[in-house]
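What follows is a short report on a single structure.
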Amino acid sequence: MKIDVLTLFPGMFTGPLDESIIKRARERGLLNLQIHNLRDWTHDRHKTVDDRPFGGGPGMVLKPEPLFEAVEALAQPGTRVIMVTPGGRKLTQEIGRELAGYEHLLLIAGSYEGFDERVRLGLAQDELSIGDYVLTNGALPVMVLIDVVTRLLPGVLGDEESAKEESFSNGLLEYPHYTRPAEFRGMKVPEILLSGHHAEIAKWRYERALERTRERRPDLIEIKKRETDNL
Ligand code: 4GS
């Protein structure tokens, strides 16, 4: 998969995407990630990317021209162009799976201010939010999106990791995990996990996952029911 990112802060992307699983995916050619500075598509001496809002008010607005030029330079037929804003569809694992099916994503990170509305109307095919809170700019949500999508690309996770029953992949929170020692500061590992009875261990884990989800995230059980009804 190819992912191009448009941002005013390319420096924010070095570090988080150069470690661990994303690093390995890039090295193995499973992810071709390129970070672009929006200012490269300005033409004035000051590399102006924003301007005052028509109608007045505080803050600045990202001008449409550099964004249109940048997207027109980077997009191919079949490219999915996505903006991150608090007003977008809320990112879920299901949306991650949907995006992992594209060959090319072009992700636009906003800044302090908003975008000129014509970017939304004429350029973006999708708008995504990572949650109901306000960040200083769109770099972190873009990195979250890249992380969610990359680990779903074929070959990125080892068999062991991808086969693992994780939160949200089966629609439930994870069951409790334990490793050695069997007793730590008076807290004992549940007997069943030491028993070697694989079927009973699987049953115990499923029950604990269900119980934990019911207590902490009953909304996930409703979502799962609705999905099952639609089958
Ligand atoms: C988010 C969010 C966000 C909104 C960008 C204020 C700077 C900021 N983007 N999910 N202007 N949450 N963006 O907070 O996507």
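In table form, for the structure just shown:
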| read-out | value |
| --- | --- |
| Filtered residues of the range 40-62 (kept if surrounded by 13 or more Cβ atoms within 10 Å (Cβ to Cβ), among the acidic types (Asp, Glu) and away from the ligand (no atom under 14 Å from the Cβ)) | 40, 51 |
| Residues being without any contact (Cβ under 8 Å) to a residue 24 or more places away in the chain and closer than 28 Å to residue 68 by Cβ - total across the range 9-52 | 10 |
| Filtered residue count, the range 63-94, keeping only those that are away from the ligand (no atom under 16 Å from the Cβ) and hydrophobic (A, V, I, L, M, F, W, C) | 6 |
| Residue 124 vs. criteria more than 7 Å from the ligand (Cβ to nearest atom), assigned to a loop (DSSP other than H, G, I, E, B) and crowded, with 17+ Cβ neighbours inside 10 Å | yes |
| The lone exception for residue 126 - which of (1) on the phi > 0 side of the Ramachandran plot; (2) at pLDDT 95 or above it fails | (1) |
| Check on residue 97, among the charged types (D, E, K, R), away from the ligand (no atom under 16 Å from the Cβ) and buried (at least 16 other Cβ atoms within 10 Å of the Cβ) | no |
| For residue 85: the one exception among (1) surrounded by 16 or more Cβ atoms within 10 Å (Cβ to Cβ); (2) in contact with a His (Cβ under 8 Å, 6 or more places away or on another chain) | (2) |
| Residue match in the range 107-116 (condition: closer than 18 Å to residue 12 by Cβ, hydroxyl-bearing (Ser, Thr, Tyr), in contact (Cβ under 8 Å) with a residue 60 or more places away in the chain and away from the ligand (no atom under 13 Å from the Cβ)) | no |
| Breaking point among (1) closer than 21 Å to residue 14 by Cβ; (2) in contact (Cβ under 8 Å) with a residue 60 or more places away in the chain; (3) of a type outside the set (Phe, Trp, Tyr); (4) crowded, with 17+ Cβ neighbours inside 10 Å, for residue 140 | (4) |
| Enumeration of residues in the range 127-145 that are more than 13 Å from residue 6 (Cα to Cα) and either more than 9 Å from the ligand (Cβ to nearest atom) or not in a strand (DSSP E or B) (or both) | 130, 131, 132, 133, 134, 135, 136, 144, 145 |
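Here is a yes/no grid of residues against (1) within 25 Å of residue 124 (Cα to Cα); (2) hydroxyl-bearing (Ser, Thr, Tyr):
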site	(1), (2)
1	yes, no
9	yes, no
13	yes, no
18	no, no
32	yes, no
38	yes, no
41	yes, no
48	yes, yes
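The values are calculated or read from the model by the stated rules, or taken from the named source; none is laboratory data. From a predicted model like this one, the values you see are computed outputs, not experimental measurements. Ideal geometry is used to build each Cβ from the backbone, glycine not excepted, and the neighbour counts take in all protein chains shown.
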